[in-house]
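*Asks:* I have a structure here, written as structure tokens, and I will follow up with some questions on it.
Each reported figure results from applying straightforward, stated rules to the coordinates on display, with no laboratory input. The shown structure was predicted, so the numbers you read here are calculated from the model rather than taken from an experiment. All Cβ positions, even for glycine, are placed from backbone atoms using ideal geometry, and neighbour counts span all protein chains on display.
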Amino acid sequence: MILTEEQLQDLLDKSLAELPNGTEWAVTLEGSIAEGFGNPSSDIDFLLIGRAEDDLPTMPSLLFLDGRRVEIRTRSVRQLTGQLRAVEEGAERPGRLSEDLLNRCQRLLHSHPLRGHTLVAEVKALLPVERLRRITADWWAHRARQSLRHAMALLCLGESDEAVDWTRAGLVQTVKSWAAGRGETYLEPKWLSLQLDRAGRPDVRDRYWELEAAAPASGNADADAARDHLTACLAFTAELGLTGVPWRPERLTVEGVAGVTTWQTGERVHVVRARRELFALGDHAGAVWRSLVLRRPLLRVLDAAADTGVADPGPLLAVFLRYGLIRLAWKGGGTVTPALPLAAPPGPVTPPPSAAQPLLSVRGAAVTGPRAVDLMPLPADRFAAAAMDLVWSNVVVENAVEDLTGALRRGQWRVAELTARRAVHAALRGLLSAHGVHPLPADSDLVRRLDLLPSGTRPIAAHAGELLRRTADPENGAALLAGVRGFIAQVRGAVGARAFPLSFDSAETWRATLQLGYDWLRLGAHLDAQLPIEEARDLLAGHGTQPHPAR
């Protein structure tokens, strides 16, 4: 150790003087210094063990003594017993064994007793060091398999840079597994060089560093070079005893993910993740998504994606994988779940929300490009509710224009005024819905609440205010109708609804309206979103048809 026993006891005395009196502690030094590593900047890690019945705090206390940072953790015998038993019980499923738990127990079992040696020995005896070696070696081996399988998949998908990084991760994890079997169980990889020096196998150490140095440069890795490096690493890891990772990419399969569902509206493909988040796919991304057949080998899935005519579909599949919309499995080996030590836990990535505006149209969400896999910036149920409100507002617009036309023909001027306002308000509800506003403001507040929207909608607000102040009489009735129609065209142009069916023009346009509404209602009902009107339930029950079909 870099500190003498006398120096450690002196630091311990000064540390205990900073703590409340009245507790008798057994004390052990853990961490890098206890392992024989460390340097002048390494902190001093004291673990204080007591027989208290209550749980002691997990968070350490930090002291600054004699130019060093001292970290003091406290644990009861009962807490330590529970941790050591949990590691033993979790050994059968290394993929689920907590890194933090294993790390805590490893540090204890390799610690250096300073006070209360008998109690420290009593606790350590609960999990023999030899057993810890096997558990730690298996834990690292499991992670190495996942990383190397993931690297293999990324190579198939054309993601060479990422494949190189995961190959390096798998190489480190394999060597850590091998070293753990020889007693070097300390988890942090930063001391790997010293661990390999102590392991007594210069050939393994030197080959590891050769392979590490041979990794293609990150940033623009050549696919062939990335594959050659992975192949060399797989050969070396097999020599070290790692099993389950032959170069067999055909063993990788594409699988579904629980809670991921697909909803198409017009040509737009929407994918809901975990019933909370909604992704909108651009035309190319949507074509690749529609080509997916689950439970097939990754290589066959890639071939099918290429048949769509989309150039370079592999990176799109990698995005689906990264976002947790699909998963990979290894035949006979379960889901591929790569993870790095002392890093963020594995799991799907959530990208920044899409900045597309307006957010949606009657035909689907707006996207930022043909290869986009855009996360909508509001929860999936609110998105679906806003989309249903958008469709329904356009139906109300069509009905209001029809009523306005009839009222003007009959000279019903006050009816015409109220109907024109209804048309304007319905169009504004559609505009706000297209930008994801839900619930909507009251009609009387709609114009003022347009200040929630981008500045490009200011002319619409001005136009709406002018129309809402108009009156209807024989002299300006035609101008009022023209103004309302122009306003509706202006709003629909802004929200991508120019092609909205003339709902009440014919049986054909009414069927088109029902089908459009049904597409969104299916998604809304799946997410338990608020329906715009109660009659929508009947449309849903009738699978997009009206309840009383002609015989």
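*Asks:* DSSP loop (so not H, G, I, E, B), at most 10 other Cβ within 10 Å: list which trypsin sites (Lys or Arg not before Pro) in segment 270-375 pass both filters.
*Replies:* Within segment 270-375, the qualifying trypsin sites (Lys or Arg not before Pro) (loop, at most 10 other Cβ atoms within 10 Å) are Arg295.
*Asks:* In the chain, which whole DSSP H runs stretch at least 20 Å along their own axis (Cα) and average -1.0 or higher on the Kyte-Doolittle scale?
*Replies:* Answer set is 129-156, 160-181, 223-239, 380-409, 413-434, 477-495, 507-526.
*Asks:* Which Cα, out of Ala426, Ala482, Gly334, lies furthest along the positive dipole direction of the chain (beta carbon charges, K/R +1, D/E -1)?
*Replies:* The listed residue farthest towards the positive side: Ala482.
*Asks:* Can you find, among Ala285, Ser32, Gly364, the residue sitting farthest towards the positive end of the charge dipole of the chain, where Lys and Arg contribute +1 and Asp and Glu -1 at Cβ?
*Replies:* Final value for the positive-end residue is Gly364.
*Asks:* Percentage of Cα-Cα pair distances in the chain greater than 39 Å, rounded to whole percent?
*Replies:* Of all Cα-Cα pairs in the chain, 50 percent lie more than 39 Å apart.
*Asks:* If one computes the Cα centroid of segment 423-494 and of segment 371-419, what distance in Å separates the two points?
*Replies:* Taking the Cα centre of segment 371-419 as reference, the centre of segment 423-494 is 10 Å away.
*Asks:* If we restrict to alpha carbons, what Rg and Dmax does segment 5-127 come to, in Å?
*Replies:* Cα only, segment 5-127: 14.5, 45 Å (Rg, Dmax).
*Asks:* What fraction of the DSSP beta bridges in the chain is antiparallel, stated in percent and rounded to the nearest 5?
*Replies:* About 80 percent, rounded to the nearest 5.
*Asks:* Here is a follow-up. Size of the dipole of the chain about the Cα centre, Lys and Arg at +1 and Asp and Glu at -1 on the beta carbon, nothing else charged, in debye to 20?
*Replies:* Here the size comes out at about 1420 debye.
*Asks:* Can you tally the net charge around Asp13? Count Lys and Arg as +1, Asp and Glu as -1, for every other residue whose Cβ sits under 12 Å from the Cβ of Asp13.
*Replies:* -2
*Asks:* Here's a follow-up. Calculate how large, on average over all directions, the projected area of the Cα convex hull of segment 137-247 is; give the answer in nm² to one decimal.
*Replies:* Its Cα hull, projected and averaged over all orientations, spans 6.2 nm².
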